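**Q** Before we start, here is the structure in question, set down as structure tokens.
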Amino acid sequence: MGAAAINFELKSLDGKAISLETFRGKPLVMNFFASWCDPCREEMPLLNQLASKANKEGYAILGIAVEDTRAAVTQYIDEAKIGFPVALDLNSTVKRAYRIFGPPATFFIDGKGIIRDMVIGPVTAERAREGLRKAGASR
């Protein structure tokens, strides 16, 4: 907490580059997930709900798929109707950089790139509100 978030560059499913710098200037909810992870599946409706309010409330959401395959992630995005950008960390480089052992994990990063809160394990609505507040979102 209070440390600068580690920058990275990953690719989205359609091959576009996504980095932490992409989101600079607004709070970011960064969620590590996997298609096979039951707790990730349980929290996804909440993340989709947060994503539906993100533009209006001045923050962004990024999903980072870890320990997974491109095919499984593609299928899961369709199945869960994920409404936010997803980057592929198929070799776990970013996962290791953020020192998490496995999904789910959610980081709340402020507009200057500082980690203000984190939840290891499934995020709840209450913890998401708290994390967004700490990161400076207008909630």
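**Q** Can you confirm whether Asp89 is closer than 25 Å to Ala17 by Cβ, charged (D, E, K, R) and in contact (Cβ under 8 Å) with a residue 40 or more places away in the chain?
**A** Details: closer than 25 Å to Ala17 by Cβ: yes; charged (D, E, K, R): yes; in contact (Cβ under 8 Å) with a residue 40 or more places away in the chain: yes.
For Asp89, the condition - closer than 25 Å to Ala17 by Cβ, charged (D, E, K, R) and in contact (Cβ under 8 Å) with a residue 40 or more places away in the chain - is met.
Condition check ((1) touching a Phe, Trp or Tyr at 6+ places or on another chain (Cβ under 9 Å); (2) on the phi > 0 side of the Ramachandran plot) across all residues:
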residue	(1), (2)
Ser19	yes, no
Cys37	no, no
Leu50	yes, no
Ile61	yes, no
Lys81	no, yes
Asn91	no, no
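**Q** Restricting attention to the range 71-102, and to residues there that are among the polar types (S, T, N, Q) and in contact with a Leu (Cβ under 9 Å, 6 or more places away or on another chain), which single residue is surrounded by the fewest Cβ atoms within 10 Å (Cβ to Cβ)?
**A** If we filter the range 71-102 for residues that are among the polar types (S, T, N, Q), which is where we start, we get 74-75, 91-93.
This time we only want the ones that are in contact with a Leu (Cβ under 9 Å, 6 or more places away or on another chain), so: 74, 93.
Values: Thr74: 16, Thr93: 13.
Top of the filtered list is Thr93.
**Q** Taking Asp14 as meeting all but one of (1) modelled with pLDDT under 95; (2) under 21 Å from Gly113 (Cα atoms), write down the number of the exception.
**A** It fails just one condition, (2).
**Q** Considering only residues of the range 110-132 that are in contact (Cβ under 8 Å) with a residue 60 or more places away in the chain and in a helix (DSSP H, G or I), which is farthest from Val29 (Cα to Cα)?
**A** Applying the filter and picking the extreme gives Ala125.
**Q** Would you mind stating whether Pro103 is in a loop (DSSP other than H, G, I, E, B) and either closer than 20 Å to Ser52 by Cβ or hydrophobic (A, V, I, L, M, F, W, C) (or both)?
**A** On the way: in a loop (DSSP other than H, G, I, E, B): yes; either closer than 20 Å to Ser52 by Cβ or hydrophobic (A, V, I, L, M, F, W, C) (or both): no.
No: the conditions fail for Pro103.
**Q** Related question: Tell me which residues, restricted to the range 44-74, are of a type in the set (Val, Ile, Thr) and in contact (Cβ under 8 Å) with a residue 60 or more places away in the chain.
**A** Val73, Thr74
**Q** Also, quick follow-up: Among the residues of the range 102-109, is there at least one that is over 20 Å from Glu9 (Cβ atoms), in contact (Cβ under 8 Å) with a residue 40 or more places away in the chain and among the hydrophobic types (A, V, I, L, M, F, W, C)?
**A** Yes, that holds for at least one residue.
**Q** How many residues are small (Gly, Ala, Ser), within 17 Å of Asn48 (Cα to Cα) and out of contact with any Phe, Trp or Tyr (no Cβ under 7 Å at 6 or more places or on another chain) if we restrict to the range 122-139? I'd like the intermediate steps shown before the answer.
**A** Here is the first cut: in the range 122-139, the residues small (Gly, Ala, Ser) are 125, 128, 131, 135-138.
Filter once more, so that each one left must be within 17 Å of Asn48 (Cα to Cα): 125, 128, 131, 137.
Add one more test, that the residue is out of contact with any Phe, Trp or Tyr (no Cβ under 7 Å at 6 or more places or on another chain), and what stays is 125, 128.
The qualifying residues number 2.
The values are calculated or read from the model by the stated rules, or taken from the named source; none is laboratory data. What you see is a predicted model; the values in this text were computed from it and never measured. Cβ atoms come from the backbone with ideal geometry, glycine included; neighbour counts cover every protein chain shown.
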